[in-house]
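Take this structure, written in structure tokens, and hold onto it; I'll ask about it next.
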């Protein structure tokens, strides 16, 4: 998914990994810049980070913009 979620006029790329962390799932947020996609400043989060369940949730399986 590509979206400017931090409203800085530079979109971020979100990549889901539903099999990560024992199928709990994880999503990575990658920054973009004038030269394109970069891993610098990348962050990741899982459903537990957002206050959701911590079991096998396949978080990141489907993402919609």
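Values quoted throughout were computed directly from the atomic coordinates according to the rules given, and no laboratory measurement underlies them. Nothing here was measured: the structure is a model prediction, and the numbers come from that model.
Normalising by the residue count of the chain, find the relative contact order in percent from Cα pairs under 8 Å and 6+ residues apart.
Once normalised by length, the contact order is 33 percent.
Please work out the ratio of the alpha-carbon Rg of the chain to 2.2 N^0.38 Å and round it to two decimals.
Normalised Rg, Cα atoms only: 1.17.
Given the -39500 (n - 2.57) contribution per DSSP H run of 4+ residues, what per-residue ellipticity at 222 nm results for the chain, rounded to the nearest 500 deg cm²/dmol?
It lands at -1000 deg cm²/dmol.
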